[in-house]
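Working notes, structure below.
The values are calculated or read from the model by the stated rules, or taken from the named source; none is laboratory data. Just so it is clear, the model here is predicted, and its values are computed rather than measured. When we count neighbours, we look across all protein chains shown, and the Cβ atoms used for this are built from the backbone with ideal geometry, even at glycine. Ligands, DNA and RNA are excluded from the accessible area calculation, which covers all protein heavy atoms including side chains. Shrake-Rupley method; radii C 1.70, N 1.55, O 1.52, S 1.80 Å.
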Amino acid sequence: MSTVTEPPFAAAPRATHCFHCGEPVPDDSPYHVVVDGVARQTCCAGCAAVARTIIDNGLAAYYRYRSELPRRELAVPVVPEELRLYDLPEVQRTFAHAPDAARHRAALLVEGITCGACVWLIEQRLRRMPGVFHVAVNMAARRAQVEWDPECVQLSAILLAIADLGYRAQPFDPARSESAAARERRTMLWRLFVAGFGMMQVMMYAVPVYLAQGGMSREFEAMMRWASLVLTLPVVAWSAGPFFTSAWRDLRARRVGMDVPVALGIAAAFIASAYATVRGAGEVYFDSISMFVFLLLGARFLEASARSKAADAQQRLVKHMPAVAERLTAEDGATERVAVASLKAGDRVQVAPGAVVPTDGCVLQGASATDEALLTGESRPVAKRAGDAVIGGSINLRSPLTVEVTRVGQDTLLAGIVRLMDRAQGDKPRIAQLADRVAQWFVAALLAVAAVTALAWYALDPQRALSVVVAVLVVTCPCALSLATPAALTAATGALYRLGMLITRGHALETLARATHVVFDKTGTLTTGRLSLIGVMPLDGRGPDDCLRLAASLEGGSEHPVARAIAAAAPRSGGLAVADPRNVPGEGVEARVEGLRVRIGSPAFVAALTRRPLPAEMLYAVDEITVVALGSETGWIALFTFGDALRSHARTAVRGLQTHGLAVCMLSGDRRETAGHVARELGIEAFHGEATPQDKLDYVRRLQAQGAIVAVVGDGVNDAPVLAQAQVSVAMGGGTDLAHASADMVLLGGDLDRLLEAVDVARNTMRVIRQNLAWAVAYNAVALPLAVAGLVTPLAAGIGMALSSLAVVLNALRLTGRRGAAPDPDRRSNHNRNRQELHDFLRS
């Protein structure tokens, strides 16, 4: 039996490598697993949970009979036996999501991805495998989303296929992802340091040769060349290794990627320089080689840092979850520290103030508030008490909470959000697909131009032919063209999520930026979709709060919509004692308060007790308003008006969309009079009431037939057809599963002003993409003729190419600077109401 708690067991000596995966164990790692009575150390909570699952299911023999630990230095890092463990249903439960028996989904961490060519290579290889439905690689996060049929292909075969390409793939684990990113960063820095040190030393030998201008003795010049060769060798062999590795992968796959011309340029220049050094005659380019490698590595390091920043929203989500939780034992209520991955539905956990809620659950005991800003965009603390749902990843702010676990692993809200973000970033819009195709053809054309240039210059000036060809190969590397779109899309997706808008499909931003019409559903979209208190009219001199307090005391414990609306609006303290309550179905409630009989309900029901005519204020009631009266034996006390209240900021959102040049329409299944009343309140001229789902669908089709690009915003089952018909669709976070399934974007909160900000971000994103593509095309159009003409040195070519790639990434990072509007202190949060429906959608 395995556990990560603290039962009696024999302690093994401190291990340096993980018992499960063979990775180095951090000095401060608290994780271990008990195997055959001996505690074995693991590198992270994920390995501890997987090992525990293996042992608990009677598979401990795997550990007893394996011949060695997985080793990183093998060509295929993980042996097939280790890979096959990931096919076990018990193990997959910790990281995979299965919508049905024939379709499994998992997020994989892929190490070794350096550019868009790596993404293309992995996606093409996996898409050719039978049984793989979908694969999308997120270059910024170095994660792959894979969907497969376990009856046709096993996950181990998918992992092995990625390993055969030279990459290391494994199920995603936040701790392992962070460790891998740190390891890759250290390796990149060391490569950069070696290239920089070699560059400086080579320049020390090259500068005197240049200054001598032929006046240096042959022996001394030969010594300088040999010294430069020795110093450049580690730069080419180790620092430039990723370029050669990537180029070799591309050639094995029978394609020419972005690193092929770079590798050819470095190899050609180094071989020619080494040959000239051995012969003692000819030009050498050791200084240019070392400086080019240094600059290119520097640019790629900055690009990787920029991409990491662009994907910051998603990375913060996956790293936010704690690795361990305080689980309450069933026997005595004591707590034990366990891995979050080992929690099951029904477990009880203790969440201390300031701690992160480990998984989705329901509050059993305690009252506090949680910070859900990272998950839902809600800027204010959300109150929690017994019976309320809590989201895994939210922060408990005030008091301890006892929480019953309801969802774990891939069924949680956080896991669903990450899946949708991965799908959106892996689903490329048309402009990105076009850029990828152009980049592939561009490299092939570049190699052809380089070959023709070599022949021409060899005929004109053989001494300069090599330097010109190297400059041609280097200066026009299409990295900028390939990075132009994904960098901007990743940055924009993260910026929108921070605003509370979740992108679920890649084309959404591109289409929203071109939208001409926005069509709203009314109920649940422009309005809250539930009965709310609109106004209080005191009739006997009491204040509104006193009237609400009395009404809430009478309605206490009732689940009627009116009672819930009154309870939500009433003051939290100062309830009155109620005696002899009596509920009259269809009429209202009567009780005795402070010795007087008091009624709340329909005006006629209350009038029978007051024995007075209906108040004159009743004359102002309209059809779409519900009026509830409050009175006693002494007379009328108050009138309460209820209705389907407009959503917070609905007016400003509609007005803002119209200011942005968008035509705003409203469709509703309610009566024409009710729809007209809401439309007039919001300033919407085009509206239709009593519309069936088919009427809504026909209306959108008529707009599209006239050339309109339609965005539809809705939340109900009857909105699903029109959401699917629209070019881009937005579902409210509290809507139904069917509405979400048809939507391209999900508004996590109920604040419609986020839609206006999403339009701004979408338009800015397309503007940045066009700028990036224009810059990449213009740069290559200018640089290539200059290089072919011999006007660009290899050193200048390296600088230009590095700066060109960096420029597009930095330009895309401008999108990450967008933040949500300042919170409105008077705005009521809709997140408690929305959470359950959003949970159900994300699980689907």
### Message
Leaving out ligands, DNA and RNA, and with a 1.4 Å probe, what % of the accessible surface on the range 496-540 is carbon or sulfur?
### Response
55
### Task
State in Å² the accessible area per residue of the range 85-141; use a 1.4 Å probe, count heavy atoms of protein chains only, and round to the nearest integer.
36
### Query
For the range 114-241, what % of the accessible area comes from carbon and sulfur atoms, probe 1.4 Å?
64
### Projected-area average for the range 557-602 over all orientations - Cα convex hull basis, square nanometres
3.5
### Message
Sort His649, His20 by heavy-atom solvent-accessible area, probe 1.4 angstrom, most to least.
### Response
His649, His20
### Task
For the range 161-306, count all C-alpha to C-alpha pairs, find those more than 18 Å apart, and express that count as a whole percent of the total.
63
### Task
For the range 450-561, build the convex hull from the C-alpha positions and give me its volume per residue in Å³.
227
### Task
When a/c is below 1.5 the answer is rounded, else prolate if a/b is larger than b/c, else oblate, so apply that to the range 172-245 with a ≥ b ≥ c taken from the square roots of the Cα gyration tensor eigenvalues.
prolate
### Message
For a protection proxy built on the mean count of beta-carbon atoms within 10 angstrom, sort 49-56, 806-813, 607-614, 780-787 highest first, please.
### Response
49-56, 806-813, 780-787, 607-614
### Query
Taking the Cα centre of each part, how many Å lie between the range 21-42 and the range 569-586?
59
